[in-house]
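Trainee: For reference, the structure I am asking about is given below.
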Amino acid sequence: MNWSIEYYSQKLEEEILKLPDGLLARYFHLTDLMLEFGSNLGMPHTQPIDDGLLELRVKGKEGIARIFYCTRVGKRIVMLHVFIKKTQKIPKKELKLATQRMKEVLSDES
């Protein structure tokens, strides 16, 4: 069984599709790899953040984007939150929103 990618919401999917062209192309390339090889591509593409939360690290000439995601039973990757990175550290509000969404998604499983 292959991996699949889902989105927390339609709005999130639309936000991702509005990324600048270079970042969007990189996102599609990395998600193609995730569908084939799984949710953890390793650095510099993916990185575990905290307790089941991971980040997809998308870099292009337009800047840097981060997409937080988690995995669910059945080889399902759920994209939770996207933001354009402007500082070295992950802003607390971005991390908090992604963590909240992950808890919501995973609570539906039980």
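Trainee: Considering each of LEU56, LEU106, LEU19, LEU23 in turn, give the residue that is in contact (Cβ under 8 Å) with a residue 12 or more places away in the chain, in a helix (DSSP H, G or I), of a type outside the set (S, T, N, Q) and open to solvent by less than 20 Å² (accessible area, probe 1.4 Å).
Mentor: It is LEU23.
Trainee: Kindly establish whether ALA65 is in contact with a helix residue (DSSP H, G or I) (Cβ under 8 Å, 6 or more places away or on another chain) and either of a type in the set (A, V, I, L, M, F, W, C) or open to solvent by 60 Å² or more (accessible area, probe 1.4 Å) (or both).
Mentor: Spelling it out, ALA65 is indeed in contact with a helix residue (DSSP H, G or I) (Cβ under 8 Å, 6 or more places away or on another chain) and either of a type in the set (A, V, I, L, M, F, W, C) or open to solvent by 60 Å² or more (accessible area, probe 1.4 Å) (or both).
Trainee: So, in the stretch 26-36, exactly how many residues are under 9 Å from VAL58 (Cα atoms) and surrounded by fewer than 19 Cβ atoms within 10 Å (Cβ to Cβ)?
Mentor: Result for the stretch 26-36: 1.
Trainee: Right, another one. Of all residues in the stretch 37-53, count the ones that are surrounded by 16 or more Cβ atoms within 10 Å (Cβ to Cβ) and closer than 23 Å to LEU97 by Cα.
Mentor: Of the residues in the stretch 37-53, 5 are surrounded by 16 or more Cβ atoms within 10 Å (Cβ to Cβ) and closer than 23 Å to LEU97 by Cα.
Trainee: Just to be sure before I move on: is LEU12 part of a helix (DSSP H, G or I), closer than 20 Å to ILE90 by Cβ and not small (Gly, Ala, Ser) in the structure I sent?
Mentor: Yes; evaluated as a whole, the condition is true for this residue.
The values are calculated or read from the model by the stated rules, or taken from the named source; none is laboratory data. Remember, it's a predicted structure, so these values are computed and weren't measured experimentally. Positions of Cβ are backbone-derived with ideal geometry, glycine not excepted, and every protein chain shown enters the neighbour counts. Keep in mind that these areas ignore ligands, DNA and RNA; they rest on the heavy atoms of the full protein, side chains included. Shrake-Rupley method; radii C 1.70, N 1.55, O 1.52, S 1.80 Å.
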